[in-house]
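The next block holds one structure in the form of structure tokens; read it before the comments.
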Amino acid sequence: MYPSVCVYPSALLYSYCSAVILSPTTMPPSPRHLLVAAIIAAFTARPLFAALAMPKKIENVVFSIAMEDEARPFVQSLGLAPQAGFFPKAAPFVAYRGKYKGCTVTVVTSGKDSVYGEKDGTGVDNVGTVPAALAAFLAMEKLGGEGGADLLVNAGTCGGFGKMGAGIGDVYLTTASANHDRRIPLGPAFEAYGTGSVPTTPVPGLLEALSPAAKPGVCTTGNSLDATPTDLEQMAANGAHVKDMEAASVGWACELHGVPHFGVKVVTDIVDGDRPTQEEFLENLGTAASTLQDALPKVIDHVCGKGHDEL
Ligand code: SAH
């Protein structure tokens, strides 16, 4: 954003430059030249600087969603169409695009596994950090050709920490993301790189719009659905409210592109509860998916057309 305190001094400077450019080669400029320059400056400087001072509105929004089942209801409700050729040929990712209330919405999923397994892959969703970061990075690269993405929302399911107040079905809007399975004990710099903590863009208005279901919180990311005792220690050190397998890696890709980002995560299982994660995850995936389906249209309604400082 162009701070308004800079606008008027800049306009004065602009007027002065106009006067100099329009003045005759012999100095000082005649009163007639100064008058003409002042009139031109008065008519052109204000709109010019007003345009510079206007914060950019959000018009091009990317939703990064790992699993096809998580994305489908949102894609269908917005009537987005699959885009052949959006990603490079070798990429397994899927992109859906369309217009919504004057915004361009792009949903990218991590696609299906075609690499592992005996023949042509296992066919399961490419969950986890590597596909999510790569899909988000390529999507932002592609959108660079049309003015760039204004905002990226990483949406999906997550595990919640009961001790931090999370319950099944809660919607979390992230305040930051960090990694819990990147241990690099080679001094403070590598340790900080490993944790890779990144604050997300503040969304106080959206939190209000989604209340009372939504809560703010830190999302910790790793490549496993379960957690080892060492992971649990790092998750606590990260101050995590929820745990997923993508947020921190998508955040990294967004930071590289300078695209503001945050996560919308619905709790499917309680990490510090007494039920096995897999069992609870599968039991609640359906309800969590419909909560996500309920929340995401409200997210796009809220962000579309707003400035980043109005979220
Ligand atoms: N069995 C599932 C696989 C899902 S893997 C299937 O039906 O295909 C888990 C996905 O849900 C990841 O994208 C991850 O981000 C999210 N997730 C939900 N609960 C999680 C938890 N407790 N820990 C880590 N990721 C979780």
Under 11 Å, Cβ to Cβ, from P204 - net charge with Lys/Arg +1 and Asp/Glu -1: -3
Other-chain or far-sequence residues with amide H under 5 Å of S64's (modelled H): V108, V153, N154, A155
Search the structure for amide H atoms under 5 Å from the amide H of K306, placed 1.01 Å from N in the peptide plane, and list their residues when 5 or more places away or on another chain. I58
Net charge over other residues, Cβ less than 15 angstrom from the Cβ of V61 (K, R count +1; D, E count -1): +3
Violations at 28 Å Cα threshold for listed pairs K57/K243; K57/K298; K56/K112; K56/K99 -> K57/K243; K56/K112
Let me know the shape class of segment 135-192, please: from the alpha-carbon gyration tensor, a ≥ b ≥ c as square roots of the eigenvalues, rounded when a/c is under 1.5, otherwise prolate if a/b is greater than b/c, or oblate. oblate
Segment 60-310: Kirkwood hydrodynamic radius (Cα pairs, Å) comes out at 18.1 Å
If I stretch the segment between E208 and A192 completely, what's the gain in nm (0.36 nm per residue apart, minus their alpha carbon distance), one decimal? 2.5 nm
Can you run phi through the Karplus equation (6.51, -1.76, 1.60; θ = phi - 60°) for segment 171-188 and list ³J(HN,Hα) in whole Hz, with x for Gly and Pro? 9, 9, 9, 6, 10, 6, 10, 7, 9, 10, 10, 10, 8, 10, x, 10, x, x
Proximal charge balance of P216 [Cβ under 15 Å; K/R count +1, D/E count -1]: 0
Sequence-distant residues sharing a close amide H with Y172 (under 5 Å, placed H): K215, K265, V266, V267
Everything considered on the Cα gyration tensor (a ≥ b ≥ c; rounded for a/c under 1.5, else prolate if a/b is larger than b/c, else oblate), segment 202-311 must be described as oblate
With R₀ set to 35 angstrom, the calculated FRET efficiency between the beta-carbons of I184 and K99, to the nearest 0.05, is 0.20
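The numbers here are math on the coordinates, done by the rules we state, and not lab data. For clarity, every value in this text was computed on a predicted model and none was experimentally measured. Note that we place each Cβ from the backbone using ideal geometry, even for glycine, and neighbour counts take in every protein chain shown.
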